[in-house]
Amino acid sequence: MTRVIFLGPPGAGKGTQAKTLADHWQVPHISTGDILRSAIKEQTPLGVKAKSFVDSGQLVPSELVQDMVEERLQKADTHSGWILDGFPRTVEQAAFLDNLLKKTNLGGAMVINLDVPDGVVIGRLLERGRRDDTEEVIRRRLEIYRSETTPLIDYYGDRKQLVVINGNQSPDSVTSNLKDLVVSC
Ligand code: B4P
């Protein structure tokens, strides 16, 4: 069973790699950012609550995202595995996910940290130009990444679940490193 979690700063290529590998491994790509953006577009109750957080580069309150992930992981297409992109982003969310996985008795996941320097991710995101890709919002997302998400590197490192991949290479080279890694595990 393929269960992979992508960590990394905004713009590290989590979404880019998760999409490609989900096709390759035939498992669902679960992106909390994509689910939130689609809820915002459709103006669902979740979307209305999440909008101001996403637009300003802050984390959406964990209880909203956790409910969303729990519901998604109960769908039938997750039985053969999944790729989680953008979740967990805090130690609280990681502990929540651990509990959820314990309940299913199917073991843990492999956690991949895509390592990319700040200067490179800022350039990539400015070029992408999504509505939350303005310089000010990108800098806020990076600050929050440092304070809230980097503790997960130790969290998963201590649990021997973490692998670091150099994300500062061409998308194809990163994909090839990731395929080699997961085949060899
Ligand atoms: P996300 O949608 O997760 O966005 P991201 O971190 O900016 O993007 P990612 O790393 O996936 O980069 P991508 O592959 O697209 O989050 C957005 C917002 O949602 C957050 O700020 C927050 O508000 C909210 N949110 C989401 N999850 C949450 C959670 N768990 N808790 C609370 N709030 C949450 O790549 C970026 C660009 O780089 C693309 O243009 C791509 O083409 C390019 N690129 C990728 N790989 C490249 C490479 N190797 N070389 C050159 N360019 C590359």
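The values are calculated or read from the model by the stated rules, or taken from the named source; none is laboratory data. None of these values were measured; they are calculated from a predicted model. With ligands, DNA and RNA removed, areas are computed over all heavy atoms of the protein, side chains included. Shrake-Rupley method; radii C 1.70, N 1.55, O 1.52, S 1.80 Å.
What the table shows:
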quantity: Probe 1.4 Å, protein heavy atoms only - accessible area per residue of region 1-122 in square angstrom; calculated: 46 Å²
quantity: Surface accessible to a 1.4 Å probe, Val65 within the full protein complex, Å²; calculated: 10 Å²
quantity: Overall form of region 10-132 per C-alpha gyration tensor (a/c, 1.5; a/b vs b/c); calculated: oblate
quantity: Overall form of region 58-185 per C-alpha gyration tensor (a/c, 1.5; a/b vs b/c); calculated: oblate
quantity: Carbon and sulfur %, accessible surface of region 142-185 computed with the full protein complex present, 1.4 Å; calculated: 49 percent
quantity: Too-long pairs where the Cα-Cα distance tops 28 Å, listed order kept, from Lys14/Lys160; Lys103/Lys160; Lys41/Lys102; Lys19/Lys160; Lys51/Lys102; Lys41/Lys179; calculated: Lys41/Lys102; Lys51/Lys102; Lys41/Lys179
quantity: For Lys19, solvent-accessible area (1.4 Å; no DNA, RNA or ligand), Å²; calculated: 110 Å²
